[in-house]
Structures are given as C-alpha cells and as structure tokens.
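Undergrad: One structure coming up, written as structure tokens, with questions to follow.
The values are calculated or read from the model by the stated rules, or taken from the named source; none is laboratory data. Values in this document were obtained by computation on a predicted structure and should not be read as measured data. Positions of Cβ are generated from backbone atoms using ideal geometry, with glycine treated the same way; all protein chains shown enter the neighbour counts. What goes into the accessible areas is simple: the full protein's heavy atoms, side chains included, and nothing from ligands, DNA or RNA. Shrake-Rupley method; radii C 1.70, N 1.55, O 1.52, S 1.80 Å.
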Amino acid sequence: MNQNNWNILPQPSEKVVRQLSAQLNISQFMSTIVAQRGYTDPEAAFKYLQPSVEQLHDPMLLHDMDRTIERLQDAAFGGEKIVVYGDYDMDGVTSTAIMVEALEVLGADVTPYIPNRFSDGYGPNIDTYKKLIADGAQLIVTVDNGVSGQEAVEYAMSQGIDVIITDHHEMPATLPNAYAVIHPRHPKGQYPFGDLSGAGVAFKVAQALLNEGQPVEDQTELPTELLDLVALGEISDMVSLTDENRVLVSWGLKQINVSPRPGLTAVLKNAGKKDNEPVISETVSFKIAPRLNAVGRLGDASLSLQLLLSQDPEESTAIASEVEAINAQRQEIVEEVFGSAKQMALSDEYKNDQVLVIAGQDWHQGILGIVASRLVELLQKPTIVLSLTDGVYKGSGRTFGDFDLYQFMNTFHDLYDTFGGHASALGLAISPEQLDVLKEQVRLNSAKLQIHAKPISINTTLSVNEISTETYEELRLLEPFGTGNQQPVFGLQQPKINKVTTMGNLKQHIKLALENNVEAVGFNHPDWVPMVANPVGISFAATLGINYFRGRKTIQLLLTAINTSEATDENAAHKKFFAQVYKFIYAHQDLNFAQNLDKIAKQLNINKNDLNIMIQVFIELGFVHVTNGFVTIISGAAQKPLTTSITYQKYLANR
C-alpha cells in the first residue's frame with residue numbers, strides 16, 4: 001500500500017508471535033497486535049489482557065494521603081460540615097460523585113458544590129469560598145481542581161477552614177498552602193503512575209479512606225460501586241488508558257454492563273442503545289459524555305451530578321429527559337456559532353493563516369471548544385475560537401496533526417489574562433486591546449510553518465475473508481480503547497466493492513457492501529462520495545465494529561481513510577481533485593459561488609475554469625444544483641461514476 005501518510009507498523013518476529021499464541025491461548029492474529037503494543041513477553045502480555053488487583057498501586061504512596069485520611073475521618077465522625085468542590089465537566093462531576101458517596105459511607109455531613117462555568121469559572125473561586133464558609137462549611141475538599149487556586153485556598157485556611165486538594169492538572173511552581181495536596185505527580189510523592197484523571201484521584205482517596213489505608217488483596221475489598229464513575233471520568237478526560245487506569249476503567253465498564261445506575265440506564269435509552277449492545281469506551285465517548293457535558297456547557301452541571309447520584313428510576317428518567325433536551329439545545333447552538341465562525345475563517349482576512357485565531361461576539365462560551373474542533377476538521381489547521389463577553393475575549397483552541405499548539409501559543413503568554421492547556425488543546429482569555437497584537441504575532445510566527453496530518457498507523461493488512469464477528473470479539477480483549485491504547489487499524493487493499501450507498505440528509509456518509517457479508521461505513525466525509533462513485537482500485541484503512549440492528553449483530557468496518565490506487569485508475573488524481581471540490585461544496589452551501597468564484601478557486605488551489613467545469617460535472621451527474629449562485633447538494637442523488645459525464649470525459653481528453 002503506497003498511501004503517503006499510511007504507516008504500516010513493524011511486524012513482530014514469528015518467534016514472539018508463536019510464543020504469545022501458545023502461552024496465552026490466543027490467535028497469532030491477536031498475538032501480532034499485542035506484540036505491536038510492546039507486550040512481547042508472555043507475562044507482561046497476560047497482565048495487559050487480564051487486568052487484576054495486583055496492578056493497582058497503593059494509594060498511601062500519594063503525598064499527604066495519611067493526613068487526608070485522618071482529617072476526613074475526624075470530620076466525618078465529628079459531624080463537621082464537609083463541602084466537596086468539583087468541576088463542571090464529566091471528570092469533575094464524576095469525581096464529585098465519587099467523593100460524596102465515599103464520605104456518605106462513613107455517615108459524613110457532606111454537600112457537593114459544582115461551580116458554574118460562567119459565574120464561578122474553573123477552580124477555586126474566592127467569592128464562592130467566602131459564601132460556602134459563611135454557610136457553615138468546616139472542611140472543603142476539591143476534586144479535579146485546586147492546584148491553581150492559591151487565593152481562594154489561602155483565604156479559607158486563614159479563616160480556620162481546612163482545604164484538602166485532590167487534583168491531576170498541571171501543577172504551578174508554587175502550590176497552594178492547603179491542609180493537604182493529593183496529586184499523582186506531586187514532587188514530594190512516590191506514586192508510580194502520574195496519569196490518573198480527577199475521578200481516578202478521587203477513587204484512590206476513597207480506596208484509602210474506606211480501607212483505612214490498608215493494602216488491598218482482592219477486588220472485593222475495593223469500593224467497587226464507585227468504579228463505574230471512574231470509568232466515565234477517565235474515558236471522558238482522555239487520560240492514558242494504560243497502567244492502573246486500564247484496570248479501573250475495565251472494571252468500571254463491566255459494572256455499567258452488569259448493574260448500571262438508574263441515571264445511566266435512562267441516558268443510554270435516550271441515546272438509542274440497543275438491548276444486546278454492550279457499553280464500551282466508545283459508548284461513553286459518543287453517547288454518555290456529550291450529553292452529561294452539555295449540561296455544564298450551557299448551565300448548571302449540578303443536574304448531571306443529580307442524575308448520577310439518583311437511585312430512583314423515575315427521578316432518573318425525568319432528569320435524563322432534561323439532559324437530552326439540553327443536549328439538543330447545545331447541538332443547535334454549536335451549528336449556529338460554527339456557521340458564523342466558518343464564514344470568518346474562509347474570508348480573505350484569514351484564508352492564508354496557518355494558525356487561525358477566530359473571534360466573535362456573544363458566542364456561547366460553553367461550546368467554543370467544539371466549534372474549534374469542527375473548524376480543525378474542516379480546514380485542517382490549528383484553530384482558536386474566542387468570544388467577547390463582559391469586555392474580555394475568552395475561548396478554546398484545538399490543534400491539527402502533531403503540532404504542539406500549547407507550546408506555540410505560550411510564546412505570547414505575556415499578552416493573556418489567563419492561559420492553560422496542553423499540546424492538543426488550550427484555553428485563554430485576552431483583552432480586546434491585546435487581541436489584535438496576538439493575531440499579528442500568530443500570523444508572523446506561523447507563516448512558514450509546515451503542519452502535517454498525523455500518519456495513519458496500520459497494524460496489518462487484512463482480506464475481507466479474514467474479517468468476521470469472531471475476529472471482532474477477539475479484539476475486544478484489547479478493550480478499553482482510548483488514549484494510549486488505540487483501536488487497531490487495518491488496511492484493505494483494493495477489495496471488491498459490490499455496491500455503494502450514500503446516507504444522511506446531505507448524503508455525507510457512505511456505505512460499501514463488500515464480499516463475505518461485510519459492510520464498510522464512513523461518516524461525515526462528503527469528499528469520499530465522488531471517489532467511490534466508480535469503486536475500482538480503492539484501498540482503505542478501517543477499524544472493526546459491530547452493527548446492532550433488530551436484534552442481529554453484523555460485522556462492520558468503520559472507515560478512517562480511503563485512497564484510490566493510481567496503478568489501477570489513471571484518473572485517480574483527477575478524482576481526488578473532484579472529491580476536494582465536492583467536500584468544499586458540502587461545507588459551504590451558504591456561500592454564493594457566483595460572487596466568490598475567484599476566491600474559492602484560489603483557496604482550492606485550482607484555476608477558475610477548472611472549478612467551473614467541476615461544478616458543471618456535478619450538475620450533469622445530478623449531484624448538485626445551482627440557484628442564484630448558490631451550489632447545494634441534492635439529497636438522495638443516485639451514485640454515478642464521474643466517467644459517465646460527457647463534460648468529465650472532455651475534461652480528461654483536454655488535460
């Protein structure tokens with residue numbers, strides 16, 4: 001396979017594959033993938049495939065854990081009023097639920113507080129702390145936040161109110177002067193794994209608290225009723241699903257499948273989960289997390305916490321309906337803001353920028369990260385989206401490829417009011433006066449950057465005959481998939497495609513019927529539609545999944561990339577150009593082509609005459625229609641090869 005950004009991973013030696021297969025009783029196919037992940041020793045591979053309690057670390061190795069347990073026990077048994085101060089995202093909400101339920105086991109007087117994204121902001125807020133203390137708080141425990149809250153923590157401690165910080169975010173040079181700071185990467189700690197999420201850290205506190213600091217020798221000695229919350233928090237926060245995170249998330253997903261909380265049952269029903277469909281990490285990422293996160297994005301995330309804590313099925317069903325409505329509202333707001341931001345990004349002012357800084361007014365703060373991600377997907381450029389609210393521009397950034405956006409934007413840190421994040425995502429606030437300076441500096445410093453898409457790592461090539469539901473079930477041993485443990489990707493080289501179908505209101509999805517009753521689907525890739533119109537010589541990369549429909553399970557390939565082989569189709573390069581134009585049309589149906597033809601041709605790096613011809617080909621094939629200069633996709637258009645167009649044939653003849 002000669003695709004430029006497809007990287008076939010090195011294949012392990014036959015000796016290693018045979019050894020793993022024989023000793024672990026798995027197929028050589030599975031042994032190959034396990035070895036590619038670095039587990040070439042049978043013992044290490046067994047631990048990877050069979051997470052166990054022995055792989056968990058002693059929570060007492062966390063710095064200040066002994067002080068924390070003693071203080072929490074004193075507060076619980078002494079009847080002190082404890083406030084658990086959380087965060088408004090999924091990891092923060094699940095962290096709060098974990099700590100609250102653990103303290104309730106001890107009979108503590110505990111009250112959760114979820115900050116409001118808009119009025120409280122992220123992390124300890126001094127005004128909120130003052131109110132909590134005035135209302136009688138005697139001990140404050142932070143979860144999924146705290147290390148950046150020097151002012152608020154200092155105030156509470158000065159009032160005689162102890163603050164215990166449990167957090168996992170990047171630590172500042174100087175930590176708050178709290179009663180205790182629990183952090184997996186604390187410089188004075190000895191904890192062997194630093195990538196716990198907030199929920200993971202909260203669970204380690206709960207583990208130590210409910211076992212009085214004693215070592216755990218069996219899974220039953222753990223607070224297993226909290227593991228489902230750990231799985232939700234860790235998957236949604238995209239921490240590495242390796243080491244003990246793999247153990248915690250594996251067990252948490254099993255708990256959700258066997259005995260889900262009423263709130264999760266209600267959410268999954270609204271999300272359309274089938275009765276025979278298991279909950280896996282993908283379910284959390286695409287069905288549960290977006291819904292629960294939507295609540296905190298638009299308003300008060302306490303509703304999500306209430307849903308997770310509820311033990312009443314009727315109450316859970318009612319709350320889940322509220323959550324579903326909020327999520328629908330979130331989707332509408334995203335579309336509205338995305339439309340406005342997209343028009344700005346495509347304007348003359350921004351079209352040549354290598355790193356985009358898009359700023360608007362009164363865009364909803366809670367969804368700017370989603371909009372930035374959508375723009376990155378569309379334009380394939382690192383993008384920061386800001387909105388002016390109360391005299392300050394605030395927003396989020398997302399990167400493209402392997403570009404370290406945080407490091408690049410940190411170059412201009414003197415311009416910001418606030419700034420934080422990591423290589424692939426960031427948040428910042430900046431004054432209107434400094435925003436123009438920032439845009440100019442970003443343009444100047446990014447002008448010569450070469451930012452490339454990440455290569456697609458392919459484990460091995462497969463034939464259609466090697467794919468079955470049994471293959472998929474065996475791969476499930478590798479679950480949970482996520483950061484640090486990605487789903488295997490397979491290459492299929494020019495398989496026979498019996499039928500091509502488009503799906504979606506705008507025909508932006510494709511379905512390919514292959515031999516051996518295997519189907520392949522690709523979502524939100526209108527650029528693939530022209531490429532598969534004449535399905536000859538097409539290779540693709542895909543992951544394996546299962547389609548659950550009317551009680552039946554069928555194997556399904558989920559396309560991650562497709563490519564047309566120039567060796568079998570001399571017109572492949574032309575088809576790619578047509579695919580590029582079709583994708584542009586799909587994404588810009590609100591743009592008047594007649595008025596902007598020169599700009600569009602320049603952006604697509606083709607001449608105006610070729611662009612006109614391509615649109616004419618799409619009109620001739622019934623893919624699009626033109627009204628008053630606007631080019632729109634025809635829903636339900638039949639698939640036809642480009643070569644059936646007379647205009648296309650003439651176009652090729654004149655090349």
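Undergrad: At a 1.4 Å probe, what is the % contribution of carbon and sulfur to the accessible area of the chain?
TA: Carbon plus sulfur share of accessible area: 47 percent.
Undergrad: Among E43, E479, E244, what's the order by accessible area (1.4 angstrom probe), most exposed first?
TA: Correct descending sequence by accessible area is E43, E479, E244.
Undergrad: Between segment 1-50 and segment 287-365, what is the separation of their alpha carbon centroids in Å?
TA: The distance from the Cα centre of segment 1-50 to that of segment 287-365 comes to 40 Å.
Undergrad: With a/c under 1.5 counting as rounded, go ahead and sort segment 182-262 into rounded, prolate or oblate using the C-alpha gyration tensor (a ≥ b ≥ c being the square roots of the eigenvalues; past the cut-off, prolate if a/b is larger than b/c, else oblate).
TA: Oblate shape, in that a/c is at least 1.5 and b/c is the bigger or equal ratio.
Undergrad: Hey, another quick one. Convert each backbone phi in segment 365-381 into a coupling constant with the Karplus relation 6.51 cos²θ - 1.76 cosθ + 1.60 (shift: θ = phi - 60°), then list the ³J(HN,Hα) values in order as whole Hz, x for Gly and Pro.
TA: In residue order, the calculated couplings are 4, x, 10, 5, x, 5, 4, 4, 5, 5, 5, 4, 4, 6, 9, 6, 9 Hz.
Undergrad: Heads up, I need the accessible area for K47: 1.4 angstrom probe, whole protein in place, Å², nearest 10.
TA: 100
Undergrad: What's log10 of I(q)/I(0) for segment 418-467 at q = 0.23, 0.28, 0.33 Å⁻¹, Debye sum over Cα points only, no solvent?
TA: Treating every Cα as an identical point scatterer, log10 I(q)/I(0) equals -1.07, -1.13, -1.15.
Undergrad: 222 nm [θ] for the chain, helices only, -39500 (n - 2.57) per DSSP H run of 4+, per residue, to 500?
TA: -12500 deg cm²/dmol
Undergrad: Taking a cut-off of 16 Å between Cα atoms, list the lysines near K15, but don't count ones fewer than 8 places away on the same chain.
TA: Leaving aside lysines fewer than 8 places away in the same chain, none come within reach of K15.
Undergrad: Ok, one more. Taking the Cα-to-Cβ direction at E43 and at K287 and moving 7 Å from each Cα, how far apart do the two end points lie in nm?
TA: Taking the simple label geometry, E43 and K287 are separated by 4.0 nm.
Undergrad: Let me ask something else. Do any trypsin sites (Lys or Arg not before Pro) in segment 545-645 lie in a loop, going by DSSP, with at most 10 other beta-carbon atoms within 10 Å of their beta carbon, and if so which?
TA: Of the trypsin sites (Lys or Arg not before Pro), the ones in loops of segment 545-645 whose Cβ has at most 10 other Cβ atoms within 10 Å are R550.
Undergrad: Further question: Test of the criteria: in segment 307-353, which GluC sites (Glu not before Pro) are in a DSSP loop and have at most 12 other Cβ atoms within 10 angstrom of their Cβ?
TA: Loop-located and lightly packed - E349.
Undergrad: Whole-Hz ³J(HN,Hα) for each residue in segment 601-610, computed from phi via Karplus 6.51 cos²θ - 1.76 cosθ + 1.60 with θ = phi - 60°, x for glycine and proline: what do you get?
TA: With the stated coefficients, segment 601-610 comes to 4, 5, 5, 7, 6, 9, 7, 4, 5, 4 Hz.
Undergrad: Per q in 0.11, 0.16 1/Å, what log10 I(q)/I(0) does a Debye calculation on the alpha-carbon atoms of segment 500-654 return?
TA: -0.45, -0.90
Undergrad: Next up: Pairs K448/K576; K204/K254; K511/K640; K81/K130; K274/K583: which are spaced more than 21 Å apart, C-alpha to C-alpha? It would help to have the intermediate numbers written out before the result.
TA: Numbers: K448/K576 26 Å; K204/K254 19 Å; K511/K640 15 Å; K81/K130 15 Å; K274/K583 32 Å.
Violating the 21 Å Cα-Cα cut-off are K448/K576; K274/K583.
Undergrad: Among residues other than T128 whose Cβ falls under 15 Å from its Cβ, what is the net charge (Lys/Arg +1, Asp/Glu -1)? Please report the intermediate quantities before stating the final value.
TA: Numbers: positive: R117, K130, K131; negative: D87, D120, D127, D135, E151, E154, D300.
In short, -4.
Undergrad: When all protein chains stay in place, what accessible area (Å², nearest 10, 1.4 Å probe) is found for K351?
TA: 50
Undergrad: Enumerate the lysines that K394 could reach by cross-link, defined here as Cα to Cα under 17 Å, with residues fewer than 8 away along the same chain left out.
TA: Partners within reach: K439.
Undergrad: Right, something else. With a 1.4 Å probe and every protein chain left in place, tell me how much accessible area F523 has, in Å² to the nearest 10.
TA: In the full protein context, F523 sits at about 110 Å².
Undergrad: Once phi is turned into θ = phi - 60°, what whole-Hz ³J(HN,Hα) does the Karplus curve with 6.51, -1.76 and 1.60 give for every residue of segment 432-446, x standing for Gly and Pro?
TA: Working through the residues one at a time gives x, 5, 8, 5, 4, 5, 4, 4, 5, 5, 5, 4, 4, 7, 9 Hz.
Undergrad: Seen from all sides and averaged, what is the projected area of the convex hull of the Cα atoms in segment 5-133, in nm²?
TA: Average projection, Cα convex hull of segment 5-133: 13.4 nm².
Undergrad: Calculate, for the chain, the solvent-accessible area per residue in square angstrom, rolling a 1.4 angstrom probe over the heavy atoms of the protein chains.
TA: Values: 28670 Å² over 655 residues.
Heavy-atom SASA per residue in the chain reads 44 Å².
Undergrad: I need the Kirkwood Rh of the chain: take the reciprocal of the average 1/r across all distinct C-alpha pairs and report it in angstrom.
TA: One decimal place: 27.2 Å for the Kirkwood radius.
Undergrad: Can you list residues whose amide H is under 5 Å from T461's amide H, if they're 5+ apart or on another chain and H is modeled 1.01 Å from N?
TA: Sorted by chain and number, the residues that satisfy this are G491.
Undergrad: Output the Kirkwood hydrodynamic radius of segment 200-340, Cα pairs only, in Å rounded to one decimal.
TA: Numbers: mean 1/r = 0.0621 Å⁻¹.
By the Kirkwood definition, the hydrodynamic radius is 16.1 Å.
Undergrad: Need the full-extension length gain, N410 to S347, defined as separation in residues times 0.36 nm minus the C-alpha distance. One decimal, nm.
TA: 20.1 nm is the gain from fully extending N410 to S347.
Undergrad: On full extension of the chain, what length is gained from T111 through K130, given 0.36 nm per residue of separation minus the C-alpha to C-alpha distance?
TA: In short, 5.3 nm is gained.
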